[in-house]
Amino acid sequence: MSVAVDSLHRGVRRTVLIQVAIAATVAVACYAMAGLHEFVSALYGGAIVVLASLWLGLYARRAGAGRNGWGERLVSYSMAALRFAAVLSLLVLGLGALHLAAPPLIVAFAATHLGFMAALINF
């Protein structure tokens with residue numbers, strides 16, 4: 001495995017672990033304040049972001065797999081569009097069809113995104 005690929009794997013792994021910790025913390029706080037329904041809603045919101053991060057790592061790996069120029073850009077842009085559509089669909093599914101509580105879902109969704117910034121900090 002090359003150094004760049006190994007570095008990418010470590011970065012994705014670190015980001016996902018931080019995001020899981022943030023999502024779990026928010027979910028436990030929601031459970032303590034409001035109950036089981038809000039706990040499940042917060043877990044769902046955090047899981048959407050974690051899943052999107054895993055997709056991002058997969059797409060970054062795929063984009064760098066021997067393609068140059070336009071092929072790499074095409075993979076990057078198409079995967080970003082698919083990831084956006086998937087995240088939007090999962091949010092609509094959770095809020096609409098599954099009738100999850102909106103505030104905990106959205107708070108966990110937003111807070112879990114902070115894992116991207118937290119992964120940049122060396123602690």
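Every number in this text was worked out from the coordinates using simple rules, so none of it is lab data. All figures in this text were calculated on a predicted structure; none of them were measured in a lab. Methodologically, a virtual Cβ is constructed for each residue, glycine included, from the backbone with ideal geometry; neighbour enumeration extends over all protein chains shown.
Okay, here's what the table says:
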read-out: Subset of region 109-123 that is in a helix (DSSP H, G or I) and of a type outside the set (Gly, Ala, Ser) - its residue that is surrounded by the most Cβ atoms within 10 Å (Cβ to Cβ); value: 112
read-out: Check on residue 42, touching a Cys at 6+ places or on another chain (Cβ under 7 Å) and in contact (Cβ under 8 Å) with a residue 24 or more places away in the chain; value: yes
read-out: Residues being buried (at least 16 other Cβ atoms within 10 Å of the Cβ) and without any contact (Cβ under 8 Å) to a residue 60 or more places away in the chain - total across region 86-108; value: 5
read-out: Single residue of 14, 10 found to be surrounded by fewer than 18 Cβ atoms within 10 Å (Cβ to Cβ), of a type in the set (D, E, K, R) and under 13 Å from the mean Cα position of the chain (by Cα); value: 14
read-out: Yes/no for residue 83 being basic (Lys, Arg), in contact with a helix residue (DSSP H, G or I) (Cβ under 7 Å, 6 or more places away or on another chain) and either surrounded by 13 or more Cβ atoms within 10 Å (Cβ to Cβ) or under 20 Å from residue 118 (Cα atoms) (or both); value: yes
